[in-house]
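Read the structure below first, then the notes.
No value in this document is a laboratory result; all are computed from the given coordinates. Since the model is a prediction, treat every value here as computed from it, not as a measurement. FYI the Cβ positions are ideal-geometry reconstructions off the backbone, even for glycines, and counts take in every protein chain you see.
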């Protein structure tokens, strides 16, 4: 007990020292994502990454929070050919990595080729699968990616087919240092020592890390671009239960990605020093179905029955204080692309019993529902779901997934349903998250009918009215197949200590490296 107490005191002393550095002029940033840097940083080419990457790294370009307008990042300029198939980027002169090494166009091409070779990277998330020669390079028939060439600071990317969202996709792609990672084992890319202390190219570099606690960042003097006014950032990993107490104590200047169902957004917004800003993004909560691994849920009648068993309006009121909308499709009602004609599922226990009987459902074997976000809101939600399923005679086994989540969720799943969420900024991105190149279709949905044909058509469609109609069609096809059992749409907020921090007033999805103009942020 005594040694444990001493360790706690040591942590408090170290953290207090970090917080007091630079005479209290360090920006205090938080993340409630428990996967951020528990034992290592997650690599920057995976979905739902750290959030810290916007401070320490960049790609070629950045987008606004609404994912529409493009801003320079590593590239000082770009050009698109009239046919939409050729993209030319010119890098800033004098770009450096945090270790002082030169950042070149070779790093850009190497990053794209390496990401394609890393199995767990979803190439379609970044538009890499649209580049000419992608299939030949992916399968090993070609030694390099034909569609990417460079000359000096100029990088030319040629697409194999039209993809009108390519700029939005490639803007999300982070460039990594070839000189450090070129010998990495791509089968164990996440385990490379690089991710213990990433060398980036952004306005801040990592000075110190205490995994599971915080990372101390300092301004990078070799940064090409506007220098940040704030010279130090303390990026904290905070258990969800501690977010509100830290804010009450004034120990956070900025934290993003908060949901009103999990964190006390209304209470935070009521504090005189803090303000909650609604973020323009989509946040969907649902159950992902293990179609390949669980034969008992392959019958759509079983999946329909489970939705009818849940009084989702009551669940929202009971567990979310009414702060969400019932979800029937991927696109929320406030978006133009929302399809109001998609089939809905009312609360109907008798219909549930009828459908399960027709499907020959085995009531003696419990349904396994897994979850990975260890917070009270998830526990409350699942307990409520278990109650409703119990009312129609369905037994449940609820289990928390801990450890290698990619393995437990996708590659070795032992569940029927998984409580999951998707966070994105635009309808097209939501649809791409369930494309044929997604991890779901590569693993738990492998062999089941997808929406890739319709998505290919959408990628080539320029006219906005036609795009909206196609998005509605694709949303209907996917939603009515019930590969994901819809629960609710929820608002997302970024929190600012307005008494201490002046931002640029730009707020977006913190899981994306959007243009937030960090150089304009200043402490009062």
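In the chain, the calculated helix contribution to ellipticity at 222 nm averages -8000 deg cm²/dmol per residue, counting -39,500 (n - 2.57) for every DSSP H run with n ≥ 4. In percent, how large is the relative contact order of segment 395-466, given Cα pairs closer than 8 Å and 6 or more residues apart? The normalised contact order for segment 395-466 reaches 22 percent.
Above 22 angstrom, tally the Cα pairs of segment 438-524 and express them as a % of all pairs, no decimals. Don't skip to the end; give the middle numbers.
Working: 2122 of 3741 pairs.
Result: 57 percent of Cα pairs exceed 22 Å.
Given contacts defined as C-alpha pairs under 8 Å and at least six residues apart, what's the relative contact order of segment 282-489, whole-number percent?
On the way: 335 pairs, mean separation 80.0, N = 208.
With pairs under 8 Å counted, the relative contact order is 38 percent.
When 79, 375, 253 are arranged by Cβ crowding within 10 Å, least crowded first, meaning fewest neighbours, the order is 79, 375, 253.
Each label point was placed 7 Å from the Cα along the Cα-to-Cβ direction; for residue 519 and residue 344 their separation is 4.9 nm.
Rounded to the nearest 0.05, the FRET efficiency derived from the C-beta distance between residue 197 and residue 374 at R0 = 30 Å is 0.70.
Our note on the geometry: Cα centres of segment 233-266 and segment 148-191, 34 Å apart.
Its relative contact order, with pairs defined as Cα atoms under 8 Å and 6+ residues apart, puts the chain at 21 percent. Average projection, convex hull of the Cα set of segment 217-335: 12.4 square nanometres. Across segment 313-354, the volume of the C-alpha convex hull divided among the residues equals 84 Å³ per residue. The modelled label-to-label distance between residue 142 and residue 318, using points 7 Å beyond Cα along the C-beta direction, is 5.6 nm.
Give me the Kirkwood hydrodynamic radius of segment 282-489 in Å, from all C-alpha pairs, to one decimal place? Present the calculation step by step, with values, prior to reporting the outcome.
Details: mean 1/r = 0.0568 Å⁻¹.
Kirkwood hydrodynamic radius for segment 282-489: 17.6 Å.
Once the cut-off is 37 Å, how many percent of the Cα-Cα pairs in the chain end up in the long-distance tail?
Numbers: 43289 of 137026 pairs.
For the chain, the share of Cα pairs beyond 37 Å comes to 32 percent.
Semi-axes of the equivalent ellipsoid of segment 126-190 are 21, 15, 14 Å, computed as sqrt(5λ) over the eigenvalues of the C-alpha gyration tensor in descending order.
Any number yet on Rg/Rh for segment 263-332, C-alpha, Kirkwood? Show your work: numbers first, answer last.
Details: Rg = 16.9 Å, Rh = 15.2 Å.
Using Cα coordinates only, the ratio equals 1.11.
By other beta-carbon atoms within 10 Å, ranking 136, 423 with the fewest at the front produces 136, 423.
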